[in-house]
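The values are calculated or read from the model by the stated rules, or taken from the named source; none is laboratory data. Everything numeric in this text was worked out from a predicted model, so none of it was measured. Positions of Cβ are generated from backbone atoms using ideal geometry, with glycine treated the same way; all protein chains shown enter the neighbour counts. Each accessible area value is taken on the protein alone, full model and side chains, heavy atoms only, with ligands, DNA and RNA left out. Shrake-Rupley method; radii C 1.70, N 1.55, O 1.52, S 1.80 Å.
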Amino acid sequence: MEYSSNPDRITRDYFDSLILETRYLDSVSPTTETSLFGHKFATPIMTAALSHLHNTAPDGMVIYADGANRANTLHWVGMGSEQELEDILKTGAKTIKIIKPHADNRVVLDKMEHAVKAGCIAVGMDIDHAFKADGTPDNVFGLQMAPKSSAELRDFVQAAGVPFVVKGVLSPRDAEKCAAAGCAGIVVSHHHGMMQYSLPPLMALPDILKAVGTDIPVFVDCGIESGMDAYKCLALGAAAVSVGRHLMPLLKDGAAAVAGRIGQMTDELAGVMARTGIASLSDMDPSVIHYRNF
């Protein structure tokens, strides 16, 4: 058998290796409502922290945020100007700003300060942009990056003034360090295949949850394309999931199309919940999941 080194392919194969049992007796129509960082949402299917969507559609970043707001879900945003972030927040979307690990920590602090003043409900850092493929510090669009220490992470948490979330966690080791630093959440992600043979985020999830417990929400990112994918993440303990590239082709059709697809995925999620005896997200049960070995 020929195996792929592409993390996206590996991630898709892992999703498809998980199969479900059904539980119909005493089941009811479920609710997908959830609360995250003190706010209520209609669905745990969130947008992902994307950047530069103007390359996909004019005003793509704002359209993306507007779609999240219309779907009543949590919105995440990556790189962009201060004005773009302010325009995003004008849509009404409850937004988390993810900041790159800039080599100059003053840049990180300034970006956090602006995000909080502009109205973001949380901020965070994308730690997996620390290195290039040759092991030297990364450079993103001419901006110098650097790996961050646990001590630096604690400083960011204390300076934020709002919940601080780390994106790019793919091991219990990093998860434990995030929790010890006081982070308010973790995004399990391989950044759409930044390193070959990266562990599928969903495969890493159970061990990460064992490491940090249930004190902070743990989210799953990468490769989620359906309500069934979302269900598998939630059943295995994720608090919510992020969907990014799957939504990008819809940007040209406007915010209604983005919201519509999130709604469809939420309906798909609800359908699987009903057929597996899950009444609410707090009732998720990992024992419904089986691993295909045939």
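Brief remarks follow.
- For LYS90, a cut-off of 24 angstrom between C-alpha atoms picks up these lysines, skipping any fewer than 8 places away in its own chain: LYS40, LYS100, LYS111, LYS117, LYS252.
- Computed over protein heavy atoms with a 1.4 Å probe, the carbon and sulfur contribution to the accessible area of the stretch 9-90 reaches 48%.
- Candidates GLU84, GLU21, GLU176, ranked by Gaussian network fluctuation over the chain, Cα under 10 Å, top entry: GLU21
- In the elastic network of the chain, a GNM with C-alpha springs shorter than 10 Å, the most mobile of MET125, MET145, MET273 is MET145.
- Note on ASP59/TYR291: beta-carbon distance plugged into 1/(1 + (r/R0)^6) with R0 of 35 Å gives a FRET efficiency of 0.20.
- Heavy-atom accessible surface of the chain, averaged per residue, reaches 46 Å², computed with a 1.4 Å probe.
- A full extension of the chain between GLU21 and GLU176 corresponds to an added length of 52.6 nm, given 0.36 nm per residue minus the alpha carbon distance.
- Candidate aspartates and glutamates - alpha carbon under 15 Å from LYS210, same-chain residues fewer than 8 apart omitted: ASP174, GLU176
- Heavy-atom accessible surface of the stretch 160-222: percent carbon and sulfur, 1.4 Å: 55
- Inter-label distance, nm, simple model (7 Å from Cα along the C-beta direction), HIS192/SER4: 1.5
- Database note for the chain: Cys without another Cys beta carbon under 4.7 angstrom, CYS120, CYS222, CYS233.
- The residues packed around VAL140, meaning those with a beta-carbon under 11 Å from its beta-carbon, carry a net charge of 0 if Lys and Arg are +1 and Asp and Glu are -1.
- In the chain, helices alone account for a calculated mean residue ellipticity at 222 nm of -11500 deg cm²/dmol, with every DSSP H run of four or more residues adding -39,500 (n - 2.57).
- Within the listed set LEU85, LEU74, LEU109, the residue fluctuating most in the Gaussian network model of the chain (springs between alpha-carbon atoms under 10 angstrom) is LEU109.
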